[in-house]
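Novice: Quick one: this structure, given as structure tokens, is what I'll be asking you about.
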Amino acid sequence: MRPPRTSLMATMIFCLPLVLASLPTMATGEEIVPALQDSWGDFWLFRFFVNAAGYASIVVPGFLLIQYFKRRNYLETGRGICFPVVKSCVFGSEVKSVHQEDGSLPPRGEPTESSTARQVFKLLFCAAGLQASYLTWGVLQERVMTRTYGATETEPGEKFKDSQFLVFMNRILAFTVAGLYCALTKQPRHGAPMYKYSFASLSNVLSSWCQYEALKYISFPTQVLAKASKVIPVMMMGKLVSRKSYEYWEYLTAALISVGVSMFLLSSAPNRHVSTVTTFSGIILLAGYIIFDSFTSNWQDALFAYKMSPVQMMFGVNVFSCLFTVGSLLEQGALLESVRFMSRHSEFTAHAVLLSVCSACGQLFIFYTINQFGAAVFTIIMTLRQAFAILLSCLIYGHTVTVVGGLGVAVVFMALFLRVYARSRMKKRSKKLPPGETPVQKV
């Protein structure tokens, strides 16, 4: 009966930080007042359903069209100038490549004849690019979502509230960059039906929206730690749904992450201006981010079974992301309102554009780093980035972290580095073992 016990263990590890997250404000016993909202029209749950209705107005007609073309056997009977477009969007042009030998992902570059100094320079370039892109992105994200614009001695200023517009800004620039890259460089022949990108696109838009919206309710360091602990629900879902087995060190590091996050959350000083509803909203939005983001990565992994490059994936996903967000914004009349906000506050315009540039450049640095040095090096760089992001946020925006909270952060990142080290050791050992033998017992 070991599997049920390990499933229970995974569930407890995941639930502990979420329960503890609400304790600091529950202990204050204050009046429940929804913070940061001027009306129900600005409340996150209402905005979520309004946005979802906008996406549905595009998804439902698209689904009906796809079913119509498939039932009509349009691939065999279709004619005319629209045939290539319909074929590419609905049917694709090539059969799936199961083994991906022709490279959905380009082969990772090996050092071969290049000098050590050249490799070190490349590594420093990748690390600097990733750190600069995502640290700037994190600082700007917190600035845009939590601070006012146009404040003077007599006027309090106004906050930008539409997270969906920021998602649209990020996606339109990423779409442009990916399109130019695909046009100027040689890419594999594209074979996936275009509509399949819409699934990853929709979940990616929703995860990004949850991420921006969560900053209205929780601090940026808390959000970063929640992202770092994403491995916990991934393991739990793998155990309960897919019946996956994990090494003992994976449970150990997941438990350490849970302990570290709990230490940080419990040590946070209660804020008299933040209600229990506010904290709970932040937890729900973070959970939504993790769920949608996990779906996005899993769906993209399945799409890579077709012959495509990562930049083609970036282009395909962002095509639909732009379509979903601009359609929803136009239906709500929010696009013009956001443009008016930009015209009133030039500082916000600069921040929104730079936010989008950092996001698009960061994506390209991700692809290049993984291609040149592999996923392990990339994970180490991004884990360091999370630690620097917390430090930078505390320095710039004045977040206080107690000694216990600092120890909790250290425990989380120690566990993340331990996972990277253990995984690399396991890969090396598995290559040396004869086929059929496993290096350690899984549970």
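The values are calculated or read from the model by the stated rules, or taken from the named source; none is laboratory data. Quantities reported herein were computed from a predicted structural model and do not represent experimental measurements. For neighbour counting, all protein chains shown are included, and Cβ atoms are generated from backbone atoms with ideal geometry for every residue, glycine included. Areas reflect the complete protein model, heavy atoms only, side chains present, ligands, DNA and RNA absent. Shrake-Rupley method; radii C 1.70, N 1.55, O 1.52, S 1.80 Å.
Novice: Quick one: which of 316-324, 378-386 comes out on top by average Cβ neighbours within 10 Å, and what's the full order, highest first?
Specialist: Working: 316-324: 23.7, 378-386: 19.1.
So the order, starting with the most tightly packed, is 316-324, 378-386.
Novice: Another one. Need one value: the accessible area of Thr116 in square angstrom, 1.4 angstrom probe, rounded to the nearest 10.
Specialist: 110 Å²
Novice: Rounded to whole Hz and in sequence order, give me ³J(HN,Hα) for the stretch 404-421 from the Karplus expression 6.51 cos²θ - 1.76 cosθ + 1.60, θ = phi - 60°, writing x for Gly and Pro.
Specialist: Here the 3J(HN,Hα) series is 5, x, x, 5, x, 4, 4, 4, 4, 6, 4, 5, 5, 5, 5, 5, 4, 5 Hz.
Novice: What residues of the stretch 44-71 lie in the reach of a label at Val86, counting those whose backbone N is under 16 Å from a point 7 Å from the Cα along Cα→Cβ?
Specialist: Hits in the stretch 44-71 for Val86 at 16 Å: 62-71.
Novice: Full-extension gain between Gln67 and Ser424, please, as 0.36 nm times their residue separation minus the C-alpha to C-alpha distance.
Specialist: Values: separation 357, 0.36 × 357 = 128.52 nm, distance 4.53 nm.
Gain on stretching Gln67 to Ser424: 124.0 nm.
Novice: Starting from the Cα-Cα distance between Leu252 and Lys227, subtract it from 0.36 nm times their residue separation and give me the gain in nm to one decimal. Kindly include the intermediate steps, with their values, before the conclusion.
Specialist: Working: separation 25, 0.36 × 25 = 9.00 nm, distance 1.82 nm.
Contour length minus the Cα-Cα distance gives 7.2 nm.
Novice: Label-point separation (nm) for Glu331 and Val60, each offset 7 Å from Cα along Cα-to-Cβ?
Specialist: In this crude label model, Glu331 to Val60 measures out at 0.8 nm.
Novice: If I take every Cα pair under 8 Å that is 6 or more residues apart in the stretch 130-214, average their sequence separation and divide by the length, what percent do I get for the relative contact order? Show your work: numbers first, answer last.
Specialist: Numbers: 31 pairs, mean separation 23.9, N = 85.
About 28 percent, as a whole number.
Novice: Just to be sure I understand the model, the point goes 7 Å from the Cα along the line to the Cβ. What's the resulting Lys186 to Leu384 distance in nm?
Specialist: It is 3.4 nm.
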